[in-house]
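The next block holds one structure in the form of structure tokens; read it before the comments.
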Amino acid sequence: MTYRTTRQWTLALAGGIALIGALSATSPTLLASPHPGTGPVSSTHHFWDDLNLEFLPGDAWERLRDNLEWHDRRHDARVQEWIDHYRANPGNIAEIIERARPWMAWITEQVELRGLPGEIGLIPFVESSYDPLARSHRGAAGLWQFMPGTADALGLRRRNGYDARLDVIASTQAALDYIELQAEQWYEGDIELSLAAYNAGAGTVNRARHAAAARGEPNDYWHLQLPSETMNYLPKLNAIAAIIDDPEAHGIALPEIDDAPAFAKVPVTAPIQLSQLANVAGVDQAELVALNPGLTNGNASPATVDVVLVPIEQEEAVLAELSAPAPSAPVEGEQYFVQRGDSLSAIAGRHGISVAELRRHNGLNGDVIRTGQQLEIPRRSLAAR
């Protein structure tokens with residue numbers, strides 16, 4: 001199997017890791033985990049609670065099963081323990097998989113394109129319960145639970161209302177690149193050892209391998225003495241894969257998921273506010289927010305992201321709206337007199353502009369307005385607040 005790294009930052013990072021490797025004999029602690037100690041993750045809500053997409057029955061599960069490679073691992077006692085654990089909590093399994101619904105087919109496709117074992121696509125099950133908004137008590141965030149330092153090294157930006165760790169597209173590509181990179185750099189393509197390093201850090205794994213070799217023992221993942229969380233990392237992953245491979249045998253019903261991405265990528269060529277885009281294109285705002293968790297303030301601009309994700313069935317409507325000429329009214333300088341019961345947000349929404357634009361155009365510092373007050377309405381825009 002050939003593992004590829006295609007991004008420029010990967011080559012730079014590989015050089016950095018090679019330098020660290022030269023120092024690792026004397027300073028093994030330099031090799032850190034991307035998210036030391038995943039532990040419990042939390043968020044205020046799960047994005048799937050807000051998502052209301054419809055899917056046709058499909059064979060996403062069959063595609064995933066075709067790519068599973070680690071069948072022999074299921075006989076390991078640790079894997080069997082986790083299979084029993086998950087079988088005892090079938091509702092939890094179904095709930096997590098429901099959250100994975102928008103992403104499962106796309107992630108499976110990305111794993112398949114790289115020639116990686118299909119089990120890799122199930123890592124978010126272990127890391128974050130497939131919640132893009134999940135955060136650990138140590139600061140890891142997103143579907144793949146990247147720590148800030150590792151995110152920076154991999155080019156996952158966090159600025160201007162955008163956190164690439166929460167962006168499912170960006171973080172998935174970075175995670176797969178990182179797993180491949182570590183397998184190439186340290187483990188002669190051994191993905192299992194790379195996953196152990198993904199969880200515990202390459203320094204921890206490399207020291208455990210050296211210790212095993214000194215004892216005359218095998219130094220593959222399944223024979224190493226590692227921290228408890230890392231010892232359970234691959235057993236959990238293989239247990240989940242075993243259940244998905246044969247859910248009926250394990251008493252668990254999997255929801256049907258179409259074997260096609262649930263979303264489409266729409267280019268961002270001008271500032272876009274998700275709430276306004278949802279309004280003018282007839283898309284549910286909660287769906288847009290759920291599909292774009294990396295946009296932490298609900299705004300997108302070409303300086304921040306290249307695309308926004310929209311429900312696949314709404315792609316044409318969104319593209320049509322974004323390519324339509326700007327409406328002719330209201331025009332710059334149109335006057336509006338405040339009516340009883342009006343608010344700035346209501347006036348702004350009525351005219352298709354943001355509250356910030358309305359404030360700025362009229363020199364207002366707050367939201368207080370009075371009946372009869374004259375306001376000037378700027379040109380309608382999808383510009384971000």
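A few points about this structure:
- Of residues in segment 233-257 being open to solvent by 40 Å² or more (accessible area, probe 1.4 Å) and either farther than 20 Å from Ala60 by Cβ or touching a residue at least 60 places away in the same chain (Cβ under 8 Å) (or both), the one farthest from the chain's Cα centre (by Cα): Gly251
- Any hit, segment 208-218, residues being in contact (Cβ under 8 Å) with a residue 24 or more places away in the chain and either within 23 Å of the chain's Cα centre (by Cα) or over 16 Å from Ala77 (Cβ atoms) (or both): no
- Residue count for segment 289-314 under the criterion of being part of a helix (DSSP H, G or I) and open to solvent by less than 60 Å² (accessible area, probe 1.4 Å): the result is 3.
- The listed residue being under 28 Å from Pro102 (Cβ atoms), surrounded by fewer than 16 Cβ atoms within 10 Å (Cβ to Cβ) and in contact with a strand residue (DSSP E or B) (Cβ under 8 Å, 6 or more places away or on another chain), out of Pro271, Pro267: Pro267
- Among the residues of segment 92-140, those that are among the small types (Gly, Ala, Ser), part of a helix (DSSP H, G or I) and open to solvent by less than 10 Å² (accessible area, probe 1.4 Å) comprise Ala100, Ala105, Gly118, Gly121, Ser128.
The values are calculated or read from the model by the stated rules, or taken from the named source; none is laboratory data. Just so we're clear, the structure is a prediction, and the values are computed from it rather than from any experiment. With ideal geometry, Cβ positions are generated from the backbone for all residues, glycine too; neighbour counts draw on all protein chains shown. Each accessible area value is taken on the protein alone, full model and side chains, heavy atoms only, with ligands, DNA and RNA left out. Shrake-Rupley method; radii C 1.70, N 1.55, O 1.52, S 1.80 Å.
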